[in-house]
Number of protein chains: 2
Amino acid sequence: MSGLAAFGVEGLPEIEAGAKLGEMIAAAGVLVDGDLVVVSQKVVSKAEGRVRSLSSAIPGAEARKLAAVLGKEPALVQLILDESAEVLRAERGVLITETHHGFVCANAGIDSSNLPEDPDASARRIRGELSPAVAVVIADSFGRAWRLGQAEVAIGCAGLVPLDDWRGRADAHGRELEATLIAIADEAASAADLAKAKDSRVPVAIVRGLSRFVTAEDGPGAQALRRPRADDLFR
Amino acid sequence: MSGLAAFGVEGLPEIEAGAKLGEMIAAAGVLVDGDLVVVSQKVVSKAEGRVRSLSSAIPGAEARKLAAVLGKEPALVQLILDESAEVLRAERGVLITETHHGFVCANAGIDSSNLPEDPDASARRIRGELSPAVAVVIADSFGRAWRLGQAEVAIGCAGLVPLDDWRGRADAHGRELEATLIAIADEAASAADLAKAKDSRVPVAIVRGLSRFVTAEDGPGAQALRRPRADDLFR
């Protein structure tokens, strides 16, 4: 097939803790071989019980100090710190941290829930309940350092080539500045978001037309998309 | 229509300096009302003659100094500095600058050509050669501070709502951490990239299904996606 189609999966039941997301998606009966299933982080976290109430967090000294600087609730800052390996910025009301997974994002990715413990494992688990001929992405909205608005990115994936490596493929210009490593998983998460942007309550979308990036193995996951700390110029 | 479709526009003639891109795209005969036309920066720059040869650049003291640090060609560094308002990072072989347009990216966005002088104006001009019922995005691949790989973003647009503002729309959770401002133009650029990723020589893709973001007016353009310097925590 030429090109790409993306659409939300309608009519899924309400997702509760313990839900078997893969089975629910399979039951919708819309998947075909080579499809990419993009699942919102929010429902994965919900299915995995990754919800902590504010009242369960007892703010320590650092949380109280940051909360005062940022004008945030101390218990919420404690929840964020609990999910974080390092605070990168805490100013002007914005708290940017590196999560324990190695994602750099606002508030450690916490909105109504924490990120999954291991989003690549979540993707593999969901994929295990689906046909091995489909790929799974867990998607979340991240801000960007120099651009306004959030774009959806892949925090987990299975069965997908996350980065398409064009290095070494011919470029007739003789210069080395072309895009050479394309973030397929992130671009697919963004495409899925647009397909369901009319109603953010639809938690799953299918992206069809990317079968050339779907693999039999689970593959490296979205961990492959993290820039190694040693190469990070903006910490 | 529900969902999204994206496909490359096949069979466009080779783009030369002076080409009327909008007319060429219209002649392909594939557009329908509400479509979004995503055009690669590379061909816009080529049509606008935004190519400078290395031999035309006479490296000054700063370019020679940076070139030595980075292991880059001094003339190329001079071309990059000519397109830049500020150098953010110059280390480990990487040169990140803010362009005169206000984009933060590697090498001022130069690969085989400079970025268009005013990409929003380019988008408006191309749109002027098309039906006013379609929108235009000029797309380029940008790296990300904390993620590997490049994703396509909008450096110019016309007739499109670049940011979908959900602030104030209801969220039942009572927390304020949901994604509230969605970078529609960037997500659409990414979707278009996937639709033609099989062959990077296809310079134009159509994204269909986003007519709710297509406007009669040219609108604010991709300038609206720049994070104001005063809000930049990572300079």
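The values are calculated or read from the model by the stated rules, or taken from the named source; none is laboratory data. As the structure is a computational prediction, the values presented were derived from the model and not from experiment. Cβ coordinates were reconstructed from backbone atoms using ideal geometry, including for glycine residues, and neighbour counts include every protein chain displayed. The area values use the complete protein model at the heavy-atom level, side chains included, leaving out ligands, DNA and RNA. Shrake-Rupley method; radii C 1.70, N 1.55, O 1.52, S 1.80 Å.
So which residue, out of B:Arg125, B:Arg208, B:Arg144, gets the largest mean-square fluctuation from a GNM of chain B using Cα contacts under 10 Å as springs?
Among B:Arg125, B:Arg208, B:Arg144, the largest mean-square fluctuation in the Gaussian network model of chain B belongs to B:Arg144.
Give the lysines whose C-alpha is closer than 22 Å to that of A:Lys20, dropping any in the same chain fewer than 8 places away, or say none.
Once the sequence-local lysines are set aside, what remains near A:Lys20 is A:Lys42, A:Lys46, A:Lys196.
Name the long-range amide H neighbours of B:Glu48: under 5 Å, sequence gap of 5 or more, or other chain; modelled H, no Pro or chain starts.
Sorted by chain and number, the residues that satisfy this are B:Gly18.
Give the residue from A:Pro228, A:Leu148, A:Ala85 lying farthest towards the positive end of the charge dipole for chain A; charges sit on Cβ (+1 for Lys and Arg, -1 for Asp and Glu) and the dipole is referred to the Cα centre.
Farthest along the dipole direction, towards plus: A:Leu148.
Given the rule -39500 (n - 2.57) for each run of at least 4 DSSP H residues, summed and divided by the residues of chain A, what is its mean residue ellipticity at 222 nm, to the nearest 500 deg cm²/dmol?
Details: 6 runs with 55 residues, N = 235.
Mean residue ellipticity, 222 nm, calculated: -6500 deg cm²/dmol.
Per residue, what volume in Å³ does the convex hull of the Cα atoms of segment B:191-235 enclose?
Values: hull volume 6.7 nm³, N = 45.
Per residue, the Cα convex hull of segment B:191-235 comes to 150 Å³.
Would you jot down the residues in segment B:149-168 that end up with at least 50 Å² less accessible area in the complete protein assembly than in the chain alone, with a 1.4 Å probe?
SASA drop of 50 Å² or more in segment B:149-168: B:Gln150, B:Trp166.
In segment B:100-138, what residues drop by 40 Å² or more in accessible surface going from the chain by itself to the full protein assembly, probe 1.4 Å?
For segment B:100-138, once contacts with the other chains are taken into account, B:Val104, B:Asp111, B:Ser112 lose 40 Å² or more.
Please report, as a whole percent, how much of the solvent-accessible surface of segment B:1-116 comes from carbon and sulfur atoms (probe radius 1.4 Å). Kindly include the intermediate steps, with their values, before the conclusion.
Numbers: 2600 of 4910 Å².
Reported share for carbon and sulfur atoms: 53 percent.
For labels at B:Glu86 and A:Asp165 in the simple 7 Å Cα→Cβ model, what's the distance in nm?
3.6 nm
Return one number: the angle in degrees, 0 to 90 and rounded to the nearest 10, between the long axis of the Cα atoms of helix B:61-70 and the longest principal axis of the Cα atoms of chain B.
Roughly 80 degrees between the two axes.
Place a +1 charge on the Cβ of each Lys and Arg in chain A and a -1 charge on the Cβ of each Asp and Glu, then give the dipole magnitude about the Cα centre in debye, rounded to the nearest 20.
Numbers: 27 positive and 34 negative charges, 106 e Å.
So the dipole magnitude of chain A works out to roughly 500 debye.
Between B:Glu14 and A:Arg52, what FRET efficiency comes out of the Förster formula 1/(1 + (r/R0)^6) with R0 = 51 Å and r the beta carbon distance, rounded to 0.05?
Values: r = 58 Å, r/R0 = 1.13.
Efficiency, rounded to the nearest 0.05: 0.30.
Roughly how many Å² is the accessible area per residue of segment B:1-139, as a whole number, for a 1.4 Å probe? Can you show the working numbers first?
Values: 5710 Å² over 139 residues.
Solvent-accessible surface per residue comes out at 41 Å².
Across all directions of projection, what mean area in square nanometres is found for the Cα convex hull of segment B:72-136?
Working: hull surface 20.3 nm².
If you wrap the Cα atoms of segment B:72-136 in a convex hull and average its projections, you get 5.1 nm².
Just to check, using Stokes-Einstein with a Kirkwood Rh over alpha carbon pairs, what's the diffusion coefficient of the protein assembly as shown at 25 °C and 0.890 mPa s in µm²/s? Before the final figure, lay out each step's value.
Numbers: Rh = 22.8 Å.
Approximately 108 µm²/s, per Stokes-Einstein.
Starting from the Cα coordinates of segment B:1-119, work out the convex hull volume and express it per residue in Å³. Mind dumping the intermediate values first?
Values: hull volume 16.9 nm³, N = 119.
For segment B:1-119, the hull spanned by Cα atoms encloses 142 Å³ per residue.
What area, in nm² and to one decimal, does the C-alpha convex hull of chain A cast on average over all directions?
Values: hull surface 58.1 nm².
Taking the Cα atoms of chain A, their convex hull projects to 14.5 nm² on average.
Obtain the nm distance between the two label points defined at B:Arg64 and A:Leu70 by a simple spin-label model: each point lies 7 Å from its Cα along the Cα-to-C-beta direction.
A separation of 4.8 nm, rounded to one decimal place.
Put a label point 7 Å from Cα along the Cβ direction on A:Arg52, then list its distances to the equivalent points in the other copies in nm, shortest first.
So the label point of A:Arg52 gives 5.2 nm to the other copies.
What is the extension gain from B:Ser131 to B:His100, computed as 0.36 nm multiplied by their sequence separation minus the C-alpha to C-alpha distance, in nm to one decimal?
Stretched fully, the B:Ser131-B:His100 segment lengthens by 8.1 nm.
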